[in-house]
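Written below as structure tokens is the structure these notes are about.
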Amino acid sequence: MSNLSQKEKIVQNYSILGIECVSIVLSYLLGLFTRGGSLLHSDYSEDYLTTIFCILFFHLLAHYLFDWNASFFKRGYYVELIAIMKYNSILVLTLGSFLFVTKFQDFSRLVFIYFFIYNICFTYMGHLLLKKFFVSVYRNSVNSNKLIVISTSPLAEEILSKISSSTEWSFQVTGLVLLDTDRIGESIQDIPVLSDRKHLYEYLKTALVDEVFIHLPDYSTRDLEEIITSFQSMGVTVHVNMDIFSNILTHKTAESFAGFTVLSYEAAAFDYRRLLVKRIIDIIGSLVGLLITGILTPFIALAIKLDAPGPVFFSQKRVGKNGRYFKIYKFRSMYVDAERKKQALMKKNEMDGPIFKLENDPRITRVGAFLRKTSLDELPQFLNILLGQMSLVGTRPPTIEEFQQYELYYRRRLSIKPGLTGLWQVSGRSEITDFREIVKLDLEYIDHWSLSSDIRILLMTIWVVFMGKGAR
């Protein structure tokens, strides 16, 4: 089935939001009561109503920015509990830090601990009850959309299995129509066969049906058009399965493209709200990084100049997102004739793949070795991040020479912006000698990307740098 309609999405999202807001209010009031406070006269200097509004404000902000319930109906019991615990931990820590730093409102830490425990319990129970209602009660109620599936005998089992395993709650499959045979009166997976091709329209003229799902990949466009037009004339909503390539495991979306209705396949699909937050973090991080760079530049520049002749900064054309070229900036860590000497050193390359790496590279200056070990040579890249050419966290931007040696499989690591740091950089990069392992880590990052993973990698990067494992 296709995604929920706009109306159904609104019902689903606001039902979840309503349950969570009620849970927050009850949890805080119960936490205040457990602490010994009165709901009429608080023993604390805080105005508990103001605090409740603060909690609700942060919750609503997180709801619209992060959409943490995007996979609400796909989460099992255990995953649901873990998701709620993670979210409540972030909510309490963020709100507590805000109240502490701004002194906006005095608050009891013990009340917040009680609130944290109660809100996990209430939210968890509320989520389970809401899922039970939508999937078991509403789906089988008279108000749900009654769906009839139209297919053929060889495909019926597969399509019914897929529909029954879906997490959508807005429809109930009430019948099956097989166009290639007469099996009226039989049942497939407890779904009755209602009609065949000959009696299709005669039966459906008086049947209870809100929607029709058509899965006929072997039928001609003309035949499909006839069926669709007939149902449209009855005022019945028609869903036609365009996903004929069932083995392509990518993100698929039906959309309009240049006037055509198409099914788009993407290797990875990212929520635009999370990408917006990532960009905001990149801008803030790059501004802080450029401030640090400005403070350290005079000292680093002097050391570079005294160590070896040549410019302070090094720029090189690199390949960014989906093959875009841009200039990357670094503090110079090699002698000026480094590129000319590279070819002679290629036979000593320690990497298996298009990347060149040599542990005791004679082209690196003494100051350059220190800059690389401490990752200080990377500081000017904060300018690339501010310009939107890179991100704080991403994949390593390849040189043009490396890019030209890429296999088709490697190309997907360029489907996102390159980063100042990334998963492979904090996963023992000094020990990795196979480029395919780097690609594997990069694709793991892309396929499981989240804002929390970015924060974790940034914290790991700080640890790696301080431990002196930053050499490349």
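List of remarks:
- Residue 68, sole failed condition from (1) open to solvent by less than 70 Å² (accessible area, probe 1.4 Å); (2) in a helix (DSSP H, G or I): (2)
- Set 377, 352, 337: member being acidic (Asp, Glu) and under 16 Å from residue 461 (Cβ atoms): 377
- Yes/no for residue 415 being within 25 Å of the chain's Cα centre (by Cα), surrounded by fewer than 17 Cβ atoms within 10 Å (Cβ to Cβ) and touching a residue at least 60 places away in the same chain (Cβ under 8 Å): yes
Each row is one residue, and each column tells you yes or no for (1) open to solvent by 30 Å² or more (accessible area, probe 1.4 Å); (2) in contact (Cβ under 8 Å) with a residue 24 or more places away in the chain.
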position: 321; (1), (2): yes, yes
position: 325; (1), (2): yes, yes
position: 343; (1), (2): yes, no
position: 350; (1), (2): yes, yes
position: 355; (1), (2): no, yes
position: 360; (1), (2): yes, no
position: 364; (1), (2): yes, yes
position: 369; (1), (2): yes, yes
position: 378; (1), (2): no, yes
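- Residue list for the stretch 160-190, restricted to those being aliphatic (A, V, I, L, M) and over 19 Å from residue 138 (Cβ atoms): 160, 176, 177, 178, 179, 184, 188
- Note on the stretch 35-58: among residues that are in a helix (DSSP H, G or I) and open to solvent by less than 60 Å² (accessible area, probe 1.4 Å), the one that is modelled with the highest pLDDT is 56.
- Residue 423 being in contact with a Phe, Trp or Tyr (Cβ under 7 Å, 6 or more places away or on another chain) and closer than 27 Å to residue 283 by Cβ: yes
- Per-region count, the stretch 134-154, residues surrounded by fewer than 16 Cβ atoms within 10 Å (Cβ to Cβ), of a type in the set (A, V, I, L, M) and not in a loop (DSSP other than H, G, I, E, B): 2
- All positions within the stretch 279-331 that are under 20 Å from residue 366 (Cα atoms) and among the aromatic types (Phe, Trp, Tyr): 299, 313, 314, 329, 331
- Matching residues in the stretch 186-204 - criterion: being assigned to a loop (DSSP other than H, G, I, E, B) and open to solvent by less than 70 Å² (accessible area, probe 1.4 Å): 196
- Among all positions in the stretch 346-355, there is at least one residue which is out of contact with any Ser or Thr (no Cβ under 6 Å at 6 or more places or on another chain), among the β-branched types (Val, Ile, Thr) and at pLDDT below 90.
- Residues that are assigned to a helix (DSSP H, G or I) and free of Cβ contacts under 8 Å to residues at least 12 places away in the same chain, drawn from the stretch 155-179: 158, 162
- Close pairs from the stretch 285-299: first on the phi < 0 side of the Ramachandran plot, partner outside any helix (DSSP H, G or I) and open to solvent by 50 Å² or more (accessible area, probe 1.4 Å), Cβ under 9 Å, at least 6 apart: 286/387
- Residues of the stretch 87-102 that are closer than 19 Å to residue 118 by Cα and free of Cβ contacts under 8 Å to residues at least 24 places away in the same chain: 93, 96.
- Considering the stretch 207-221, the residues that are outside any strand (DSSP E or B) and in contact (Cβ under 8 Å) with a residue 60 or more places away in the chain include one that is farthest from residue 146 (Cα to Cα), namely 218.
- Residue within the stretch 292-303 that is in a helix (DSSP H, G or I), among the aromatic types (Phe, Trp, Tyr) and more than 23 Å from the chain's Cα centre (by Cα) present: yes
- Residue count for the stretch 458-472, restricted to those that are at pLDDT 80 or above and not in a helix (DSSP H, G or I): 0
- Qualifying positions in the stretch 119-152 - modelled with pLDDT of 90 or more and small (Gly, Ala, Ser): 126, 151
- A count restricted to the stretch 327-341 and to residues that are farther than 15 Å from residue 399 by Cα, within 39 Å of the chain's Cα centre (by Cα) and open to solvent by 20 Å² or more (accessible area, probe 1.4 Å) stands at 1.
- Residue 19 surrounded by 15 or more Cβ atoms within 10 Å (Cβ to Cβ), at pLDDT below 85 and β-branched (Val, Ile, Thr): no
- Screening the candidates 114, 77 for the property of being more than 30 Å from residue 169 (Cα to Cα), in contact (Cβ under 8 Å) with a residue 40 or more places away in the chain and open to solvent by 30 Å² or more (accessible area, probe 1.4 Å) yields one hit, 114.
- Those residues of the stretch 165-174 which are over 15 Å from residue 212 (Cα atoms) and surrounded by fewer than 18 Cβ atoms within 10 Å (Cβ to Cβ), in sequence order: 165, 166, 167, 168
The values are calculated or read from the model by the stated rules, or taken from the named source; none is laboratory data. Being a predicted model, the structure only gives us computed values, none of them experimental. Glycine gets a Cβ as well: all are built from the backbone with ideal geometry, and neighbour counts include every protein chain shown. When the accessible area is computed, the model is the full protein with side chains, heavy atoms only, and any ligands, DNA or RNA have been set aside. Shrake-Rupley method; radii C 1.70, N 1.55, O 1.52, S 1.80 Å.
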